[in-house]
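Structure, as structure tokens:
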Amino acid sequence: MDDPRIVIIGAGPTGLGAGYRLNELGYDDWVILEASDRVGGLATSFTSENGFTYDVGGHVMFSHYPYYDDLVERLMGDEYTTLNREAWVWMEDRFIPYPFQNNIGGLEPQTVFDCVTGAVRARYEASGAAPANFREWVLATMGDGIAKHFMLPYNFKVWATPPELMNYVWIGERVAVVDVEDLLRNVLFEKPETQWGPNSTFKYPLRGGTGFLYEGMRKYVEHRLELSTPVASVDPVAKVVTTADGRRWPYDVLLNTMPLTKLVDSMTSGVPGVVRDAAGDLVWSGSHIVGIGVDRPALSSKNWIYFPEPDVPFYRVTYLSNYSPYLTPRPDQTIFLTETSRSRYKPEDPATIVERVVDGLQATGLMEESDRDLIADRWLCSPDMSYPVPSVGRDAALGTIQPWLRSHDIWSRGRFGGWLYEIGNMDHSAMQGVEFVNAVLRGEPETVWIPRGEGEAGAGIR
Ligand SMILES: Cc1cc2nc3c(=O)[nH]c(=O)nc-3n(C[C@H](O)[C@H](O)[C@H](O)COP(=O)(O)OP(=O)(O)OC[C@H]3O[C@@H](n4cnc5c(N)ncnc54)[C@H](O)[C@@H]3O)c2cc1C
């Protein structure tokens, strides 16, 4: 297809990545339709009336792609800080370095015993059978001690989904797998192991939070950007998007970045029952992101802390003010940015969440009783969809939905457009937008996207 008319739904990192690349290639026939009055999607930052800047949960930027690195460098210039990850776990009334499974030596003797014996049993009693779900994977690879004391309670707090309903294909570099020798070395020689994983150093914008990056992309797409223009329906047969204001946007190729479930719901005609049923199988969780601004210095160099225990609502607290002194009105103030998940499996009352978070900050010693009088700002943001859950049925569902969409010239990409948590970070998302353009206009293969269905890759349009 020569010179296709391209319509993009959503101006989060994925839609912006596509728009940026289209602009870079000097291509003319495209538009971005964005429901909100701002760009950035879940990677937006908000500054409260009191002058505190918050992200929608702790956002750490670490990239796997040279194109994205160059883009970030261009957008940030000198306006960034570089941080060494200082991540901790709070349990049994103490801090231990993250990841938990490499640093159990500091815990209660009974916990250490459970974790070590469980890991040894798991190693020597391995059956070789493939686990059926995430719960079985945790038990088989880490043992029942680590499962009981950390992995199962912590993951339920993050995903708000029972682990037996989740798959484990997303794990890759996201979870440190247990090595029994390392475990024993840590316990016997008390040698903490902190430099695990892909994001041990990271950059953060000096001003404006994570959203600064995506605000910076706006100027490259402004001339083709329609803000406050929610998509109301998509007709995959006539190939027309209709927005809530009644305007119609015909397309040859559609890039969708709104949640896949909502895309399928919005379709007016021609959707097979199996595709609708498959969309009904997708699972997600939402959040209450609570930010607390306190009128005193942070008194800690920590970046963030994980909370596996059920007595506090949040699973993670970020000392956001340690990322940059410009996120608070004065540099001697503190931001605690907390994340609490929610779902039908784990309801969380929005009316009480802010006070429960403050109680939790105090119960875990991050705040003193006297700090309550120093609270200068309270911020709540409650996205309905924040984690696309890698559920047991996810890949079969995607394998039904995505090839059908592609056969109608619809590419659905990004965190909820693609519904693949393992490629759902900012760098993955922006690159999926860039590679969509390269594929459609230049016939280049996508490298970030992971097809889950027959005919999905290569069903492409030139
Ligand atoms: C709690 C949390 C923590 C995270 N931490 C990290 C991290 O540490 N590192 C990292 O790299 N990433 C992190 N992320 C992920 C990051 O936010 C996403 O990768 C990124 O925002 C995905 O971009 P996207 O464009 O695919 O989707 P989104 O950001 O969801 O953007 C989709 C856009 O579509 C728009 N839209 C929706 N419906 C419609 C409609 N009907 N019509 C028009 N527009 C519509 C939305 O308004 C939105 O702007 C985190 C996310 C969350 C929620």
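The values are calculated or read from the model by the stated rules, or taken from the named source; none is laboratory data. Note that this is a predicted model, so its numbers are computed, not measured. FYI the Cβ positions are ideal-geometry reconstructions off the backbone, even for glycines, and counts take in every protein chain you see.
Here D70 does not fit the description of being within 17 Å of A439 (Cα to Cα), outside the structural domain of Y326 (by TED's automatic domain parsing) and charged (D, E, K, R). For the residues G77, G143, the requirement of being free of Cβ contacts under 8 Å to residues at least 60 places away in the same chain and more than 26 Å from the chain's Cα centre (by Cα) singles out G143. If you go through the stretch 22-54 and keep only what is crowded, with 24+ Cβ neighbours inside 10 Å and away from the ligand (no atom under 11 Å from the Cβ), you end up with L22, F52, T53, Y54.
In the stretch 253-355, counting only strands (runs of 3 or more DSSP E) that sit wholly within it, the ones holding 2 or more residues that are at pLDDT 95 or above, of a type in the set (S, T, Y) and crowded, with 19+ Cβ neighbours inside 10 Å span 283-294, 316-319, 334-342.
Taken over the stretch 370-418, residues that are polar (S, T, N, Q), in contact with a Ser or Thr (Cβ under 9 Å, 6 or more places away or on another chain) and more than 30 Å from A351 (Cβ to Cβ) amount to 2. For the residues T47, T111, T53, the requirement of being touching a His at 6+ places or on another chain (Cβ under 6 Å) and not small (G, A, S) singles out T111. Applying the condition of being within 15 Å of the ligand (Cβ to nearest atom) and more than 15 Å from Y323 (Cα to Cα) to the stretch 57-66 and asking which residue is surrounded by the most Cβ atoms within 10 Å (Cβ to Cβ) yields S63. Residue check: is L380 in the same structural domain as M258 (by TED's automatic domain parsing) and either under 19 Å from the mean Cα position of the chain (by Cα) or without any contact (Cβ under 8 Å) to a residue 24 or more places away in the chain (or both)? Judged against the criteria, L380 is not a match. Reported count of residues in the stretch 22-40, each being out of contact with any strand residue (DSSP E or B) (no Cβ under 7 Å at 6 or more places or on another chain) and either under 20 Å from F202 (Cβ atoms) or in a strand (DSSP E or B) (or both), is 1. Kindly evaluate A122 against the criterion of being more than 27 Å from L206 (Cα to Cα), surrounded by fewer than 20 Cβ atoms within 10 Å (Cβ to Cβ) and either of a type in the set (G, A, S) or touching a Phe, Trp or Tyr at 6+ places or on another chain (Cβ under 7 Å) (or both). No.
Residue by residue through the stretch 1-21, note down the ones that are within 14 Å of the ligand (Cβ to nearest atom) and either assigned to a loop (DSSP other than H, G, I, E, B) or among the hydrophobic types (A, V, I, L, M, F, W, C) (or both). Answer for the stretch 1-21, where residues must be within 14 Å of the ligand (Cβ to nearest atom) and either assigned to a loop (DSSP other than H, G, I, E, B) or among the hydrophobic types (A, V, I, L, M, F, W, C) (or both): V7, I8, I9, G10, A11, G12, L16, A18.
Considering the stretch 199-243, the residues that are within 14 Å of L254 (Cβ to Cβ) and touching a Ser or Thr at 6+ places or on another chain (Cβ under 6 Å) include one that is surrounded by the fewest Cβ atoms within 10 Å (Cβ to Cβ), namely V237.
Matching residues to (1) aliphatic (A, V, I, L, M); (2) surrounded by fewer than 21 Cβ atoms within 10 Å (Cβ to Cβ); (3) under 22 Å from W30 (Cβ atoms); (4) more than 11 Å from the ligand (Cβ to nearest atom):
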{"site": "D395", "(1), (2), (3), (4)": "no, yes, no, yes"}
{"site": "Q402", "(1), (2), (3), (4)": "no, no, yes, yes"}
{"site": "L405", "(1), (2), (3), (4)": "yes, no, yes, yes"}
{"site": "H408", "(1), (2), (3), (4)": "no, yes, yes, yes"}
{"site": "G417", "(1), (2), (3), (4)": "no, no, yes, no"}
{"site": "E422", "(1), (2), (3), (4)": "no, yes, no, yes"}
{"site": "S429", "(1), (2), (3), (4)": "no, no, yes, no"}
{"site": "G433", "(1), (2), (3), (4)": "no, no, yes, no"}
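All of N133, N84, N102 fail the test of being buried (at least 21 other Cβ atoms within 10 Å of the Cβ) and among the polar types (S, T, N, Q), apart from N102. Tallying residues that are of a type in the set (V, I, T), farther than 20 Å from A298 by Cα and touching a Leu at 6+ places or on another chain (Cβ under 8 Å) within the stretch 319-360 yields 1. Residues in the stretch 221-252 that are near the ligand (Cβ under 9 Å from one of its atoms), part of a loop (DSSP other than H, G, I, E, B) and hydrophobic (A, V, I, L, M, F, W, C): A244 alone. Given the criteria within 16 Å of the ligand (Cβ to nearest atom), more than 29 Å from G365 (Cβ to Cβ) and acidic (D, E), does D78 qualify? Here the answer is no, as D78 does not meet what is asked.
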